[in-house]
Structure formats: structure tokens, C-alpha cells
């Protein structure tokens, strides 16, 4: 599958499914915004975006949203998730401001370029 086809699948199938899953977890959809330019020349990164960010975030949210208080905190605090591809672990960052969780991951490096679900959960918990 080429870059254009993979991007189309992510845009039309994978990301909407993940947003629906977030809604099931916390009671509200939280949309994704992807910096597609950062993935432009990196098919390997596109192949791992879902697992590295979306799946890990949803696992973190499942723990936070175990009760109504956690669900409410997420619904009231997180409005959007931004994803950006970077090339090296040194460039990786997580930021949260104005309701936007931003994750810069080195997707092509697979597990070496990701934040674990525990790291995402701890990061969010400090900001709720």
C-alpha cells in the first residue's frame, strides 16, 4: 500500500474508529488532527501511527476513565489530539495546553519512538 492509500485508510477508517472508541471510553468524541506533512516521506511511520499513538492513548484513557469522575475529567479537559511524526527520540515531546494533547513521536522507530500508555496516562493525570 502506497503513502496516499495508507493516508486515505487512516483518514477514512482508522482515525474515525479510534474517535468512536474514545467516545465509548469517556462519553465524548475527541478528534485527531494529524500533521500529514510530517509523514509525507515516511511510509513506515504511517504504518505504525495507529499503534504508537491511537492505541496507546486509548489504553491510557481506559484506566483514567474507570469511573465517572475520570470520564468527566477527560470530557471537560481534552478537546483534541494532535499527532506529528519526528525522526529521532530526542525530538519526541508531549504537550497539553488549551485542551489539546499534542504528541510528537518517532513512529518509524516503532516502540523506540513511542510514549507508553502508562506515560501518557501519567502525563494526562497531572493535567486534569
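Being surrounded by fewer than 16 Cβ atoms within 10 Å (Cβ to Cβ) and modelled with pLDDT under 95 is a description that applies to residue 128.
Yes/no matrix, rows are residues, columns are (1) within 15 Å of the chain's Cα centre (by Cα); (2) at pLDDT 95 or above; (3) loosely packed, with under 13 Cβ neighbours inside 10 Å; (4) in a helix (DSSP H, G or I):
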position	(1), (2), (3), (4)
81	yes, yes, no, no
90	no, yes, yes, yes
96	yes, yes, no, no
103	yes, yes, no, no
120	yes, yes, no, yes
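In segment 1-48, which residue that is in a helix (DSSP H, G or I) and in contact with a strand residue (DSSP E or B) (Cβ under 6 Å, 6 or more places away or on another chain) is surrounded by the fewest Cβ atoms within 10 Å (Cβ to Cβ)?
Going through segment 1-48, the residues in a helix (DSSP H, G or I) turn out to be 3-26, 36-39, 43-48.
Keeping just the survivors that are in contact with a strand residue (DSSP E or B) (Cβ under 6 Å, 6 or more places away or on another chain) gives 15, 38-39, 45.
Details: 15: 20, 38: 16, 39: 22, 45: 24.
Only one residue fits best here, namely 38.
Could you figure out which of (1) more than 16 Å from residue 128 (Cα to Cα); (2) part of a helix (DSSP H, G or I) isn't true of residue 62? Answer for residue 62: the failing condition is (1).
The values are calculated or read from the model by the stated rules, or taken from the named source; none is laboratory data. Here the structure is a predicted model, which is why all the values come from computation and not from measurement. Neighbour counts are summed over all protein chains in view; Cβ atoms, including those assigned to glycine, are modelled from backbone coordinates with ideal geometry.
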